[in-house]
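One structure is given here, and the rest of the page talks about it.
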Amino acid sequence: MPASGRPSTTDGGGPTSGEHRGDSRHTPLLPGQRTQPPAPVTQINVLLVEDDPGGGFSVPSLLDHEAAGAHRAERIRVRTARNLTEVGRLLTQDVHCILLNLARTDADAPGDGFDTLREVLRVAPSHAVLVLTDGGEGERAAEAVRVGAQDFLFRDELDGRLLGRAIRYAVERKRADVAQHRLTAARMHARENARLERGLLPTPLLDGSGLSFAARYRPGRSRALLGGDFYDVVRTPDGAVHAMIGDVCGHGPDEAALGVELRIAWRALTFAGLCGDELLSTLQRVLENERADEEIFATLCTVDIAADGRRAGVCLAGHPAPLLAHPGQGPRLLPDELGGPALGLLDKARWPRQQVELGGKWSLMMYTDGLIEGRTGAADGSRLGQEGLLDLTGTLRGRGLRGEELLDETVTEVRRLNGGELTDDVAVLLLDRGQ
């Protein structure tokens, strides 16, 4: 993790498509519906758009002749649509290519004569589209490609072998185009996610404090940037350092948004001079106004460290107590008996501020319950808990790990004990003085 303390998120991978059961071969596509590119097949299905199937030119006959003279793994089968209404009915999931007879379609229509082509491209954006036209209409054929067709063919130069090769080439080229488009979209999405992450996750404001800071953040939802956990650290003009960490119940986007709102409100109220019970009471009003459901609540831990770094005030709102460690000693839990309820549970709750002596050199770890609710791998299925976290961090500190390395190894070991990725959101931050 970079020294700036920006948290990292797990790589949730790309999106997965839902399972589709049943035979989709005869399910018409809705106009504009996008489909997955067809998988490799043993038969290529072509939809011919031709307003006069009984004319002298026969695409099926050409392709039958081509198939008779070649031994191919896949064959080409043709179904014919005479107009756009039939295109909507016959354009099913198993169609790979659309062959549009441009010489006969829109020939007498006003405008540039490409209305049918544009409509076909609109309803079939993932399909290869070839146009057929007369040899004397080369300029119009080239314009059709500019409009969006994969290629054009002259009817009077066509034979079965050329037509079959053009269809196969257009299908594979469309596959490549769609794959490249999706890769580009995925890269753009990743860049947007990075910008979103920079905008929503906090930038600690600790200049001049003399404290070292590190944090880790892992949302529990697959492919999510943020979960319901949130944290922040700032130094106010009087030299005091204020830190907080919290957890909105639930794991959806609404809970993540509420966590961001509470973090921003906490920072604003802290700079306004609020602290302890007054600050938490105000945050509870924010939560009550912003939550989507009356059952939503949030746990919170706030720590305000004096300018000399030797004392701190701690408030707990239904949240696990921080760990405090000193050189040569094992970590211990800060007292939690004076804590109050989670925000959003009781109308007239109070959150006493407890004074804690920190000393000259110390390390303070604040975390959400996602870090301690994982399993330990024991036969009884027990969870790690706060005592397990104390033992784990004590062992890691005994190996000389501090700061970034300590957080990395803590999260890694918690996941290992759990036997895989943690399902709950995890946020953990570390403040060090003279360590």
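The values are calculated or read from the model by the stated rules, or taken from the named source; none is laboratory data. Keep in mind that this is a model prediction, so the values were computed, not measured. Here Cβ is always computed from backbone atoms with ideal geometry, including for glycine, and neighbour counts include all displayed protein chains.
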Report summary line: Within the stretch 335-345, restricting to residues that are at pLDDT 95 or above and out of contact with any Gly (no Cβ under 6 Å at 6 or more places or on another chain), the one that is surrounded by the fewest Cβ atoms within 10 Å (Cβ to Cβ) is 345
**Report entry** Which listed residue is touching a helix residue (DSSP H, G or I) at 6+ places or on another chain (Cβ under 8 Å) and in contact (Cβ under 8 Å) with a residue 40 or more places away in the chain, from 168, 161, 155, 118
**Finding:** 161
Query raised in the report: Can you name every residue in the stretch 274-302 that is assigned to a helix (DSSP H, G or I) and touching a helix residue (DSSP H, G or I) at 6+ places or on another chain (Cβ under 8 Å)?
Result: 279, 282, 283, 286, 287, 290
Report task. Please name all residue pairs, on different chains or six or more residues apart, with Cβ atoms under 8 Å, provided the first residue is in the stretch 320-349 and is of a type in the set (Asp, Glu) and the second residue is at pLDDT 95 or above. Result -> 336/316; 336/320; 336/321
Query raised in the report: Of all the residues that make up the stretch 412-431, how many are surrounded by fewer than 19 Cβ atoms within 10 Å (Cβ to Cβ), under 30 Å from residue 312 (Cα atoms) and in contact (Cβ under 8 Å) with a residue 12 or more places away in the chain?
Result: 1
Query - Residue satisfying condition, being in the same structural domain as residue 165 (by TED's automatic domain parsing), modelled with pLDDT of 85 or more and either surrounded by fewer than 21 Cβ atoms within 10 Å (Cβ to Cβ) or not in a helix (DSSP H, G or I) (or both), within set 109, 142, 103 - result: 142
Query - When residues of the stretch 291-317 are limited to those that are surrounded by fewer than 22 Cβ atoms within 10 Å (Cβ to Cβ) and of a type in the set (Gly, Ala, Ser), the one modelled with the lowest pLDDT - result: 292
Query raised in the report: Do we have any residue at all in the stretch 64-82 that's modelled with pLDDT of 75 or more, surrounded by fewer than 20 Cβ atoms within 10 Å (Cβ to Cβ) and assigned to a loop (DSSP other than H, G, I, E, B)?
Result: yes
Requested in this report: Can you tell me which residue among 377, 330 is surrounded by fewer than 16 Cβ atoms within 10 Å (Cβ to Cβ) and over 35 Å from the mean Cα position of the chain (by Cα)?
Outcome: 330
Query raised in the report: Going by the conditions given, is residue 391 over 27 Å from residue 226 (Cα atoms) and assigned to a helix (DSSP H, G or I)?
Result: yes
Report summary line: Those residues of the stretch 250-268 which are within 19 Å of residue 315 (Cα to Cα) and surrounded by fewer than 18 Cβ atoms within 10 Å (Cβ to Cβ) amount to 264, 265, 267, 268
Query raised in the report: So residue 389 clears everything in (1) at pLDDT below 95; (2) of a type in the set (A, V, I, L, M, F, W, C); (3) under 19 Å from residue 214 (Cα atoms) except one condition, right? Which one?
Result: (1)
Query raised in the report: Out of the stretch 422-435, which residues are over 18 Å from residue 247 (Cβ atoms) and either of a type in the set (Val, Ile, Thr) or in contact with a helix residue (DSSP H, G or I) (Cβ under 8 Å, 6 or more places away or on another chain) (or both)?
Result: 432, 435
Query raised in the report: Cβ-Cβ below 8 Å, separation at least six or inter-chain, first residue in the stretch 276-301 and touching a residue at least 12 places away in the same chain (Cβ under 8 Å), second aromatic (Phe, Trp, Tyr): which pairs?
Result: 276/351; 277/351; 279/266; 280/351; 281/351; 283/266; 287/297
Report summary line: Among the residues of the stretch 354-374, the number that are surrounded by fewer than 19 Cβ atoms within 10 Å (Cβ to Cβ) and farther than 30 Å from residue 434 by Cα is 1
Query raised in the report: If you go through the stretch 396-416, how many residues are farther than 14 Å from residue 363 by Cα and either touching a helix residue (DSSP H, G or I) at 6+ places or on another chain (Cβ under 7 Å) or not aliphatic (A, V, I, L, M) (or both)?
Result: 9
